[in-house]
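S.K.: Please find one structure pasted underneath; my questions will follow.
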Amino acid sequence: VLDKAIALGPVALAILFLPELRQAIEGMVSFVPEIVESKTEARTVEELVAAAAELSAQKIGALIVIERTASLNEYVSNGVELGARVSAPLLGSIFFENNPLHDGAAIIRGDQIVAAACRLPLSESRGLDRHLHMRHRAAVGVTESCDAVAIVVSEERGAISVAVEGALEKMAGPQELRDRLNRELRGDQHEDSRRRARFRRREALPK
């Protein structure tokens with residue numbers, strides 16, 4: 001009997017603690033970052049630029065986060081899932097003041113708006129200007145923890161900024177935004193390496 005018990009003991013324990021084992025395994029898996037392949041079309045870049053330009057002209061605040069290799073599912077899950085093709089009119093309507101989805105971030109994956117009204121972590125970096133508001137701090141915060149690109153439109157001045165790797169840079173206009181997005185989202189690996197070295201220096205601009 002003891003021989004049988006010793007042989008079957010581990011199996012019995014595994015069955016007894018199956019839910020706990022499953023949770024432990026899921027916990028370990030959650031530490032492994034999910035890698036995604038998000039390719040951006042030239043059309044999508046143009047729609048993003050058009051949306052940012054229109055929102056800027058009307059001084060409507062907005063936060064658009066574009067996923068690259070690191071999954072943003074953690075933030076997608078706390079927003080409202082959409083699954084709609086990227087378009088300037090749709091982004092404009094999302095951030096319109098009376099739209100219930102305007103407060104939070106819209107997340108882009110490839111050529112789709114996967115979710116809106118997403119809550120992002122706020123940067124606690126002491127290097128940031130203390131006058132930065134929550135939208136800009138959220139843009140910096142999400143790009144500190146992953147390789148996403150964030151576009152921010154200030155509702156106070158209509159300024160357009162881009163956050164990459166925790167660095168925030170104000171764009172001179174739609175053309176500079178277009179060039180930056182094409183470089184970040186569609187550039188080759190050599191250009192990406194140069195970009196990462198060039199924008200290591202963290203900087204923050206007042207809203």
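S.K.: Using a basic spin-label model with each label point 7 Å from the Cα along Cα→Cβ, how many nm lie between residue 147 and residue 59?
M.R.: 3.9 nm
S.K.: Once neighbouring chains are kept in place and the probe is 1.4 Å, which whole percent of the accessible area of region 43-109 is contributed by carbon and sulfur? Mind dumping the intermediate values first?
M.R.: Details: 1500 of 2920 Å².
In region 43-109, the share of accessible area belonging to carbon and sulfur is 52 percent.
S.K.: On a full-extension model of 0.36 nm per residue, what is the gain between residue 119 and residue 169, subtracting their alpha-carbon distance, rounded to one decimal in nm? Intermediate values should be presented prior to the final figure.
M.R.: Values: separation 50, 0.36 × 50 = 18.00 nm, distance 2.16 nm.
Extending this stretch completely gives an extra 15.8 nm.
S.K.: Describe numerically, in nm with one decimal, the distance between label points set 7 Å from Cα along Cα→Cβ at residue 70 and at residue 97.
M.R.: 3.5 nm
S.K.: List residues of region 139-175, by number, whose backbone nitrogen lies under 12 Å from a label position 7 Å along Cα→C-beta of residue 78.
M.R.: In region 139-175, the label zone of residue 78 (backbone N under 12 Å from the point 7 Å along Cα→Cβ) covers 142.
S.K.: Tell me, what is the per residue accessible area of region 120-190 in Å², probe radius 1.4 Å? Could the numbers behind the result be given before it?
M.R.: On the way: 3370 Å² over 71 residues.
Spelled out: the 1.4 Å probe surface of region 120-190, per residue, equals 47 Å².
S.K.: Another one. Using a 10 Å cut-off on Cβ atoms, rank the peptides 180-187, 96-103 from the highest mean neighbour count down.
M.R.: Numbers: 180-187: 18.2, 96-103: 12.8.
Result, highest mean Cβ count within 10 Å first: 180-187, 96-103.
S.K.: Turning to a different aspect of this structure: Show me, for region 85-98, the HN-Hα J-couplings you get by feeding each phi into the Karplus relation (A = 6.51, B = -1.76, C = 1.60, θ = phi - 60°), rounded to Hz, glycine and proline as x.
M.R.: Result, rounded to whole Hz: 5, 5, 8, 4, x, 5, 4, x, 6, 4, 8, 4, 3, 8.
S.K.: Mind listing the long-range amide H neighbours of residue 61? Cut-off is under 5 Å, sequence gap 5 or more, other chains count too, H placed in the peptide plane at 1.01 Å from N.
M.R.: HN-HN under 5 Å from residue 61: 155.
S.K.: Roughly how many nanometres apart are two label points built 7 Å out from the Cα toward the Cβ at residue 156 and residue 134?
M.R.: Modelled inter-label distance: 1.5 nm.
S.K.: Restricting everything to alpha-carbon atoms, can you work out Rg to Rh for region 127-176 with a Kirkwood hydrodynamic radius? Don't skip to the end; give the middle numbers.
M.R.: On the way: Rg = 10.4 Å, Rh = 11.0 Å.
Computed over Cα atoms, the ratio is 0.95.
S.K.: In whole angstrom, note down how far apart the Cα centers of region 126-168 and region 68-114 are.
M.R.: 17 Å
S.K.: Alpha carbons only, please: Rg and Dmax for region 71-161, in angstrom.
M.R.: 13.0, 37
The values are calculated or read from the model by the stated rules, or taken from the named source; none is laboratory data. All values reported here derive from a predicted model rather than from experimental measurement. Cβ atoms come from the backbone with ideal geometry, glycine included; neighbour counts cover every protein chain shown. SASA here: full protein model, heavy atoms, side chains in, ligands and nucleic acids out. Shrake-Rupley method; radii C 1.70, N 1.55, O 1.52, S 1.80 Å.
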